[in-house]
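J.: Let me begin by handing over the structure; questions about it come next.
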Amino acid sequence: VPYPPDMRAEAAFRKAVILVDKNSAEAATAVAAAAARCGTSCRFAAGLNNLRARMALRKGDFPAALAAAKAAEGAAGNDKQELANARRNRAAAEAGQGRRENALADYLAALALDKELAQPSHIAEDLAGVSGVLKRLGRNAESAAYARRAAAVRDAITPRQ
């Protein structure tokens, strides 16, 4: 019995997520395969664009990352998780292009969404991003406070041995 197209698209998307997370050489191929299964519009469009943004960020291609993050934001609809991912990716792309005030606003927007979603690992990432941008803006005391908060969240979610 063949699997329905939506299940195949989801499987391809999940595989792409895993390969991007692992920074695999096969990640770009997996994202393209998932996009082909997805077609012009599917529920994974925002996620696929966020994966493209993450891959572009790793390469230092900030304009491509920003374009993919904006596309993800546009496709996210009511999906707050993908919207938060898009804002975080957009923030990193903006920071990479020296647009620090834009990056700060995007990190804070991602942080608000991740708090609402109770996503501690993303909250820590957002706090660290805010800290980095504030430091580059010369706001060292605020930067240090956000860095401490990021460390506290990371410590709270790190398993004890």
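J.: Could you check the stretch 1-93 for helices (runs of 4 or more DSSP H) lying wholly inside it with 2 or more residues that are among the acidic types (Asp, Glu)?
T.: 5-21
J.: Hey, another quick one. Quick check: is even one residue across the stretch 31-54 buried (at least 20 other Cβ atoms within 10 Å of the Cβ) and within 21 Å of Ala150 (Cα to Cα)?
T.: Checked the stretch 31-54: at least one residue is buried (at least 20 other Cβ atoms within 10 Å of the Cβ) and within 21 Å of Ala150 (Cα to Cα).
J.: Let me ask you something else. Restricting the first residue to the stretch 55-66 and requiring it to be more than 14 Å from Glu94 (Cβ to Cβ) and charged (D, E, K, R), which pairs with a second residue that is loosely packed, with under 12 Cβ neighbours inside 10 Å and modelled with pLDDT under 95 meet a Cβ separation below 7 Å and a spacing of at least six or different chains?
T.: Pairs that qualify, where the first residue is more than 14 Å from Glu94 (Cβ to Cβ) and charged (D, E, K, R) and the partner is loosely packed, with under 12 Cβ neighbours inside 10 Å and modelled with pLDDT under 95, are Arg58/Asn23.
J.: Then there is this: Considering only the stretch 12-30, how many residues are farther than 14 Å from Ala56 by Cα and open to solvent by less than 60 Å² (accessible area, probe 1.4 Å)?
T.: 6
J.: All but one of (1) crowded, with 18+ Cβ neighbours inside 10 Å; (2) touching a residue at least 24 places away in the same chain (Cβ under 8 Å); (3) farther than 22 Å from Ala16 by Cβ hold for Ala110; state the number of the condition that does not hold.
T.: Of the numbered conditions (1) crowded, with 18+ Cβ neighbours inside 10 Å; (2) touching a residue at least 24 places away in the same chain (Cβ under 8 Å); (3) farther than 22 Å from Ala16 by Cβ, the odd one out for Ala110 is (3).
J.: Given the criteria more than 15 Å from Leu83 (Cα to Cα), part of a helix (DSSP H, G or I) and among the charged types (D, E, K, R), does Arg160 qualify?
T.: Answer is no for this residue.
The values are calculated or read from the model by the stated rules, or taken from the named source; none is laboratory data. In this text the structure is predicted, and so the values were computed from the model without any measurement. Because the Cβ atoms are built from the backbone with ideal geometry, glycine has one as well, and the counts that use them run over all protein chains shown. When the accessible area is computed, the model is the full protein with side chains, heavy atoms only, and any ligands, DNA or RNA have been set aside. Shrake-Rupley method; radii C 1.70, N 1.55, O 1.52, S 1.80 Å.
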